[in-house]
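Structure first, commentary second.
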Amino acid sequence: MARAKYLSSAFAAELVIAVTLGASMYAQVAGPSPSLNIPGATDQAAPLSQIVVTGYIIPRIGEGPQPVMTLDQDFISKQGDQTVAEVLQRLPMTANNFGPTTDSGNSFSPATAGINLHGLAPRTTLVLVDGKRLPDSPFPLNGFLNFVDINTIPLAAVDRVEILNDGASAVYGSDAVAGVINLITKNEYNGADITQYWGISEHGDAETYHGSLVGGVSHKLWDDHAKLSIVFAFDYYEQGPILSADRPYSANPDHSVLAAKYPAIAFLYSTAGTFNSAPDGTGTRYTVFSGTTPANGFLTSANAGIPPNRNFSPQYWLILPRETRYGGLININLDINQNLKLYDQLLIQRNEETAETPNQGFSSFDISGFAPFEIPRTNPFNRTGASVFPDFPGMFLPEMGAWNSDVIIRTIRNVAGATLQLPYDWIIDANFQYAESDGTYSVYNAINKQRLSQALAGELPGHIGQFFNPFIDERFAGDFNRQFYNALRTIQWKDVRTSVLTWHVSAGGTLIDLCSGPVTVAGGLEYRSEEFIQNEDPNSKIGNIASADFSTGPFISARRWVHSAFFDIEVPLLGAKWSWPGARALQLSIQERYDDNSTFGSSAKPKFAISYKPFNDFTLRASYDEGFAVPPLVALFSAPIAGPAVVNDPLHGGTATPIILLTGGNPHLKPSNSYSYFAGAVWTPGASDPEHSWWGWANGFSAYIDWFSINVRNIIGTLALAPQTIVDINLPGTVIRNGAGTITAVNAEFQNLGQVRRDGFDFGFSYVTKEYPWGKLDLEFNATYYQYGSVNILTQRPAPNPPAFEYYRFFRQP
């Protein structure tokens with residue numbers, strides 16, 4: 001019986017020297033979970049405390065059926081983590097779908113970090129701060145998948161992290177499919193802490209500095225129940241770059257040097273280009289000889305029939321970019337009396353990333369769109385006797401200077417609200433939140449495509465009769481074409497703003513006391529609006545950038561709103577006076593949420609969870625929930641990108657027909673829906689009564705195992721097929737014909753493509769011994785085992801099989 005086993009773990013490939021210095025001055029520091037200070041069932045309300053409980057609307061004491069894992073301040077400080085991304089990267093359930101940065105330099109989502117649970121898409125894990133949403137990253141992953149950038153959250157502001165390992169759309173709505181990451185901020189503090197960290201790699205790069213200041217004060221006002229508490233945190237982080245040329249595994253991408261069976265892997269374009277006598281690539285191919293210099297840089301018939309060059313130059317590539325981040329948090333709590341609290345929280349963060357990427361030059365994709373792109377036969381360096389056009393894979397132009405990118409993301413978030421505590425543990429909370437994230441992405445030394453076309457034809461104003469020579473190996477070009485640099489270089493820029501505005505009110509408390517415990521209920525209403533607004537430089541909008549970084553077309557201005565109503569009921573079936581050996585506690589939780597969304601309509605998602613304690617120190621729990629993830633605004637409303645293509649029309653005898661290929665947003669997208677099952681067990685021997693329990697000697701040990709099965713349907717993506725395949729499939733709305741029945745366009749917009757399934761186990765243990773004269777032992781182990789995974793998506797199959805939806809299993813069960 002074979003099993004495909006996948007255990008996640010952290011691995012450090014380099015030695016890092018680090019020094020951390022800290023100083024504290026305080027009178028009292030709040031405990032690890034100040035926000036869980038929930039009053040008990042009394043006739044009169046106890047002193048009020050702001051409440052944050054992940055996965056619940058109802059305030060609660062003790063554990064419940066929801067599988068919540070907590071990373072407290074003790075865990076964070078002992079690991080030596082310097083960012084929120086590093087803290088979350090230690091979770092095994094985030095393996096293979098998380099990185100410190102999504103990419104650096106030339107990427108869709110620079111300067112950002114996203115977190116995904118259980119290997120699903122970023123849009124299926126909900127990230128919260130104190131139970132409330134953050135705005136999406138201004139720069140979507142792959143251009144259309146929105147996610148929350150956890151680099152916008154300063155580590156100094158975080159008190160603990162709570163991870164809900166099953167779905168929670170019944171409480172939080174969209175995106176809580178694979179689980180919830182809830183970052184709880186510091187809420188009460190007396191004194192000040194200053195921490196300084198410095199580290200550097202064994203290669204003398206990636207130098208990292210992290211400094212933070214956390215302080216606060218609490219002061220009684222007019223009586224013992226009136227109090228003002230202020231907590232502030234400031235965080236500064238800076239990381240130096242790592243150059244690809246400084247590491248052996250990236251300095252030479254020809255992996256066959258290390259192992260013969262692994263072929264060389266080229267870096268995108270070549271420094272010695274490939275050209276074709278036909279714009280659609282069907283003519284004669286000409287490839288510049290590797291090592292060609294300006295002295296012999298001519299394209300002749302001798303260059304015909306040569307395969308494209310591979311590029312092995314690591315110049316300008318970065319493994320890690322330079323990062324600079326600073327920001328902080330102010331938390332203000334005003335207790336008017338023991339029943340009424342006012343609170344306000346302000347979070348501000350500024351992140352900047354600077355990076356280098358080889359100048360992307362030009363490629364066959366530049367033939368279409370704005371401005372013609374050809375090297376005419378009148379160019380004296382073109383001696384083939386005919387015009388030639390860029391062919392795949394394209395050509396770097398390092399002599400124009402590297403693409404220097406500068407990305408700045410500014411995030412601001414403010415939450416203001418009031419909490420009213422009534423007798424018998426009834427609590428009403430109302431709050432308003434506005435948060436936005438503004439990103440500016442600038443790329444320097446890009447090439448103006450129209451002017452380059454003119455320079456290739458000797459018609460560039462100010463340089464009439466002078467010809468740009470592309471037929472040289474750019475590694476040896478020097479500055480041969482230097483007279484054109486100032487005229488050809490331009491700047492690409494993109495400004496994006498995302499925001500979220502929320503009005504939220506919830507109430508809950510004890511409905512009735514049973515012999516098994518109190519039956520509690522809660523519910524609430526919420527209004528939320530989101531927006532995604534984008535603008536670009538004029539040349540990017542019309543496609544006048546060679547190898548453009550940004551999409552062509554009008555900028556996006558998209559908004560949506562959602563009205564929500566939700567409820568939660570917790571019923572203790574066994575417990576308290578109804579408790580016997582083998583049946584100590586049995587609790588049922590029922591949750592449901594109704595959303596009315598302006599972009600796709602209404603939905604109602606339930607969740608059922610149950611926990612059973614046969615003994616005080618052993619808990620069994622299970623849940624079933626339905627979830628959903630609404631389509632990102634950019635996937636709904638992004639402008640289509642048009643380009644030429646040729647297809648054979650099956651309705652007209654297979655006639656070759658020139659068409660326009662459209663790729664962009666689809667306003668008819670539906671949400672992704674999920675159906676999840678969860679079951680688990682937790683064993684804490686001797687925890688309830690260590691003095692009298694037979695297992696008292698094992699007090700401090702805890703073990704857990706959780707099984708999950710998540711099935712996500714209607715996943716969102718592009719068809720990712722050739723135009724001819726789309727025509728052969730003929731999905732509704734993909735093939736556009738004129739009145740005569742001739743194909744005029746093919747629409748390759750985003751679609752609901754298929755489904756993904758993920759099954760597996762999370763398991764682990766921890767053990768903290770008692771304090772001995774020599775100290776104490778603190779052990780922790782966590783792991784994830786992926787038992788089964790599959791994706792059912794539209795794919796192209798070898799002839800004569802037609803394209804179809806097919807399953808691909810990437811983890812196999814027996």
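The values are calculated or read from the model by the stated rules, or taken from the named source; none is laboratory data. Computed from a predicted structure; not experimentally measured. Every residue, glycine among them, receives a Cβ derived from its backbone with ideal geometry; neighbour counts consider all protein chains shown. With ligands, DNA and RNA removed, areas are computed over all heavy atoms of the protein, side chains included. Shrake-Rupley method; radii C 1.70, N 1.55, O 1.52, S 1.80 Å.
Taking 0.36 nm per residue of separation and subtracting the current Cα-Cα distance, fully stretching the chain between residue 688 and residue 289 would add 136.0 nm. Database remark: amide H of residue 490 closer than 5 angstrom to the amide H of 445, 446, 447, 448 (H placed geometrically; neighbours at sequence offset of 5 or more, or on other chains; Pro and chain starts carry no H).
Would you mind calculating the relative contact order of the stretch 629-781 from Cα pairs under 8 angstrom and at least 6 residues apart, reporting the percent as a whole number?
Working: 321 pairs, mean separation 37.8, N = 153.
With pairs under 8 Å counted, the relative contact order is 25 percent.
Dividing the mean sequence gap of close Cα pairs (under 8 Å, 6+ apart) by how many residues the stretch 332-412 holds gives a relative contact order of 42 percent. For the peptides 356-366, 201-211, 420-430, residues were scored by their other Cβ atoms within 10 Å and the scores averaged per peptide; the highest-first order is 356-366, 420-430, 201-211.
Out of the total accessible area of the stretch 292-339 (probe 1.4 Å, heavy atoms of protein only), what percent is carbon and sulfur? Write down the numbers at each step before the final one.
On the way: 1260 of 2180 Å².
The value for the stretch 292-339 is 58 percent carbon and sulfur by accessible area.
Extension gain, residue 414 to residue 608: 0.36 nm times the residue separation minus the Cα-Cα distance gives 66.5 nm. Couplings for the stretch 354-359, taken from phi via the Karplus curve 6.51 cos²θ - 1.76 cosθ + 1.60 with θ = phi - 60°, read 10, 8, 10, 9, x, 4 Hz in order; Gly and Pro are left as x.
Taking 0.36 nm per residue of sequence separation and removing the Cα-Cα distance, the residue 565/residue 514 pair yields an extension gain of 15.6 nm. Based on Cα contacts under 8 Å between residues 6+ apart, the stretch 279-405 shows a relative contact order of 26 percent. Each residue, residue 529 and residue 596, gets one label point 7 Å from its Cα in the Cβ direction; the gap between the two is 1.6 nm.
Please list 497, 350, 528, 377 in order of solvent-accessible area, largest first, computed with a 1.4 Å probe with all protein chains present. Can you show the working numbers first?
Working: 497 80, 350 55, 528 15, 377 165 Å².
In descending accessible area the options line up as 377, 497, 350, 528.
Distance between the modelled labels on residue 657 and residue 142, one decimal in nanometres: 2.9 nm (7 Å Cα→Cβ projection).
In order along the stretch 128-137, phi translates into HN-Hα couplings of 10, 10, 6, x, 10, 6, 10, x, 5, 4 Hz, rounded to whole numbers, per the Karplus curve 6.51 cos²θ - 1.76 cosθ + 1.60 with θ = phi - 60° and x for Gly and Pro. In this rough spin-label picture, where each label sits 7 Å from Cα along the Cβ direction, the residue 300-residue 501 distance is 6.9 nm. Amide H contacts of residue 179: 126, 168, each under 5 Å away and 5 or more positions distant or on a separate chain (H built 1.01 Å from N in the peptide plane; Pro and chain starts excluded).
Rg of the Cα atoms in the stretch 667-748, relative to 2.2 N^0.38 Å, amounts to 2.39. Ranked by the mean number of other Cβ atoms within 10 Å of their residues, highest first, the peptides 136-147, 270-281, 777-788 come out as 136-147, 270-281, 777-788.
Scanning residues 5 or more positions from residue 131 or on other chains, those with amide H under 5 Å from its amide H are 183, with H placed 1.01 Å from N in the peptide plane. Karplus-derived 3J(HN,Hα) values for the stretch 615-624, using 6.51 cos²θ - 1.76 cosθ + 1.60 with θ = phi - 60°, are 9, 4, 9, 9, 10, 10, 8, 7, 7, 10 Hz; glycine and proline are entered as x. Ordering 536, 749 by accessible surface, largest first, gives 749, 536; the 1.4 Å probe counts only protein heavy atoms, with every chain in place. Take each peptide in 286-295, 231-240, count the other Cβ atoms within 10 Å of every residue, and average; sorted highest first, the result is 231-240, 286-295. Once the Cβ-Cβ distance of residue 334 and residue 192 is raised to the sixth power relative to R0 = 25 Å, the FRET efficiency obtained is 0.75.
Pairs with C-alpha atoms separated by more than 19 Å, drawn from the list 132/494; 227/341; 494/670; 607/670; 449/541; 613/776, are 132/494; 494/670; 607/670; 613/776. At a Förster distance of 35 Å, what's the computed FRET efficiency of residue 78 paired with residue 392, Cβ-Cβ distance as r, to 0.05? Approximately 0.10, to the nearest 0.05.
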